[in-house]
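A.B. asks: After the structure tokens below, expect a handful of questions from me.
Nothing in this text is a laboratory measurement; each read-out follows from the coordinates by a stated rule. Just so you know, these numbers come straight off a predicted model, no measurement behind them. Reconstructed Cβ throughout: ideal geometry from the backbone, glycine too, with neighbour counts over all protein chains shown.
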Amino acid sequence: MLLTITTTHRPATDLGFLLAKNPARTHSRKLSFGAVHVFYPEAGEERCTAALLLDLDALGLVRGRGREQRTLAHYVNDRAYVASSFMSVAIARSFSTALAGRSKERQKLAETAIPLSAEIAVLPCRGGEDLLRRLFEPLGYAVAAEQLPLDDAFPEWGPSVYFRVRLEATCRVSEILNHLYVLLPVLDRDKHYWIGRDEIDKLLAKGEGWLKDHPEREQIVQRYMGRKPSLAREALMRLVAEDDPAPDETDAARAAEEEALEEKISLNDERHRTVLEALKQAGASSVVDLGCAEGRLLKRLYEERSFERVAGMDASIRSLEIAARRLYLDRMTERQRARIDLFQGALTYRDRRIAGFDAACLIEVIEHLDPARLPALEQALFGFARPRILIVTTPNREYNALFKGMPQDRLRHRDHRFEWTREEFRQWAGGAAERNGYAVRYATIGEVDESLGPPTQMAVFTQ
Ligand code: SAH
């Protein structure tokens with residue numbers, strides 16, 4: 001397994017300081033699964049290349065297993081030759097200070113973007129070149145990939161899943177190392193070690209500053225976590241939660257701002273009353289409140305005896321804690337407690353816990369999502385959870401003109417990613433209904449202005 005990292009930044013030999021490995025020497029160390037060597041095939045003023053060679057003890061790995069657990073595949077496999085999660089461990093052990101963005105002798109340079117390239121001699125890309133590009137190109141890499149034949153002697157056997165890959169970018173050394181650390185096992189998919197919860201912390205630490213905004217973040221997290229969907233979900237939630245910070249003081253202040261704007265009509269209250277009425281009218285038997293925040297609507301839903309079961313989901317743990325207190329969850333009898341559920345979850349992720357409810361509501365939540373995540377929400381909600389009734393409310397941007405003192409082009413809340421006009425809302429809602437076999441009707445909430453419409457717009461989807 002061979003990975004090389006090259007720079008043409010001058011003096012190129014500074015790469016030795018950045019990686020904390022002297023170019024004049026070979027650095028070898030033993031790991032539990034083999035030996036790793038760092039050496040420099042080239043170390044000149046203009047160009048310097050560090051090579052990380054991992055010499056995997058494939059037989060030793062098999063011997064570590066009980067006899068009954070050994071299969072032929074444990075002996076005959078590609079492990080010794082291809083970059084994989086072993087490579088990530090080798091990177092972490094060999095270049096730990098560089099990964100953390102530190103350099104004793106060249107700290108300034110460690111914080112500077114320099115021309116870098118990485119070559120991976122044999123990289124399994126389960127997902128093909130397309131996935132390889134979708135992973136690295138958004139991070140600013142020029143990607144060159146050459147698919148290796150299954151067997152040189154028999155070209156008619158066709159290509160293998162292996163690629164020789166070259167990545168080039170102007171970035172910090174820590175960036176390229178962190179990207180490789182996370183994405184090599186994502187491409188390979190099979191992790192060699194048991195994946196536990198601490199893996200989430202590693203992923204979030206190594207993904208800091210780039211993973212959250214990566215267009216493939218969902219796939220990256222899922223594949224990184226191997227066959228552990230619950231851990232993947234938790235990791236995604238923590239990424240999302242960073243997107244939508246838990247309500248702290250600044251959040252409370254922002255919410256107060258929004259509330260103050262809408263105060264005249266006590267819109268929040270009217271919203272919740274309208275939603276509750278619509279649910280009752282539709283004869284909903286159970287309801288899940290998605291993005292329930294601090295549980296205001298959920299409390300009303302719970303108090304409505306016609307609902308056999310209610311639940312609240314939110315990405316923010318702190319909001320959920322407040323909701324639990326508002327509902328006096330800890331003082332409920334067993335029977336009361338059985339009627340209500342409160343859990344953390346991400347709306348853009350298929351989640352069995354929200355399937356099986358007769359109705360779902362999404363009250364003032366979609367505008368908190370990045371527009372690029374809306375198709376994922378649509379899939380998770382309309383495609384997967386598929387409640388019989390779904391109620392969505394969101395601000396009507398046109399109405400903002402009537403809020404005194406609100407500058408044009410401002411949104412009602414700093415966390416809002418967008419606010420839709422009536423037309424834009426209908427376009428999204430109509431499309432989602434049509435694509436997923438729902439009917440949709442629209443309603444208004446709050447005092448309706450003749451030309452600008454209502455402050456809040458509502459869509460009621462039914463199957
Ligand atoms: N529904 C509430 C308030 C909504 S505020 C009410 O009617 O008063 C928006 C809420 O959506 C926040 O609590 C936020 O944590 C949650 N949220 C935002 N993005 C989310 C996501 N992707 N998954 C789950 N919850 C999310």
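A.B. asks: Hey, what number do you get for the chain at 222 nm if only DSSP H runs of n ≥ 4 count, each worth -39500 (n - 2.57), divided across all residues, to the nearest 500?
C.D. replies: Helix contribution divided over all residues of the chain: -10000 deg cm²/dmol.
A.B. asks: Around Glu423, under 15 Å between beta carbons, what's the net of Lys plus Arg minus Asp minus Glu among the other residues? Mind dumping the intermediate values first?
C.D. replies: Values: positive: Arg397, Arg422, Arg426; negative: Glu398, Glu419, Glu424.
Its environment carries a net charge of 0.
A.B. asks: Then there is this: Less than 14 Å from a label point 7 Å out along the Cα-to-Cβ axis of Glu304: which backbone N atoms in the stretch 334-366 qualify, by residue?
C.D. replies: Under 14 Å, as judged by backbone N against the label point of Glu304, lie 358-363 of the stretch 334-366.
A.B. asks: Separate question: Past the 27 angstrom mark, what percentage of all C-alpha to C-alpha distances in the stretch 249-462 do you count?
C.D. replies: Value for the stretch 249-462: 29 percent of Cα pairs lie more than 27 Å apart.
A.B. asks: For Glu175, what is the net charge nearby, where nearby means another residue's Cβ is under 15 Å from its Cβ and Lys, Arg count +1, Asp, Glu -1? The partial results should precede the final answer.
C.D. replies: Working: positive: Arg102, Arg172, Lys206, Lys212; negative: Glu111, Glu137, Glu168, Glu208, Asp213.
Summing Lys and Arg as +1 and Asp and Glu as -1 gives -1.
A.B. asks: Hey, another quick one. Over 20 Å between Cα atoms: which of Lys30/Lys108; Lys21/Lys104; Lys21/Lys108 fall into that group? Working shown, then result.
C.D. replies: On the way: Lys30/Lys108 31 Å; Lys21/Lys104 11 Å; Lys21/Lys108 17 Å.
Beyond 20 Å between Cα atoms: Lys30/Lys108.
A.B. asks: With charges only on Cβ, +1 for K and R and -1 for D and E, what is the dipole size of the chain about its Cα centre, in debye, rounded to 20?
C.D. replies: Working: 67 positive and 70 negative charges, 351 e Å.
Using Cβ point charges on Lys, Arg, Asp and Glu, the chain gives about 1680 debye.
A.B. asks: Please compute P(r) over all alpha-carbon pairs of the chain, binned at 10 Å starting from zero, and give each bin as a whole-number percent.
C.D. replies: With a bin width of 10 Å, the distribution comes to 4, 17, 23, 19, 16, 13, 6, 1.
A.B. asks: Restricting to the chain, what percent of DSSP beta bridges are antiparallel, rounded to 5?
C.D. replies: Values: 55 of 75 bridges.
Of the beta bridges lying entirely in the chain, close to 75 percent run antiparallel.
A.B. asks: If I take the Cα coordinates of the stretch 196-243 and project them onto the principal axes, what are the three extents in Å, biggest first?
C.D. replies: Principal-axis extents of the stretch 196-243 (Cα, largest first): 23, 18, 17 Å.
A.B. asks: Straight-line reach from Lys404: which lysines have Cα under 25 Å away, leaving out those fewer than 8 places along the same chain?
C.D. replies: Partners within reach: Lys264.
A.B. asks: Still on this structure, please answer the following. What is the set of long-range amide H partners of Ser160 at a cut-off below 5 Å, with H atoms built 1.01 Å from backbone N?
C.D. replies: Amide H neighbours of Ser160, under 5 Å, 5+ apart: Leu148, Leu150.
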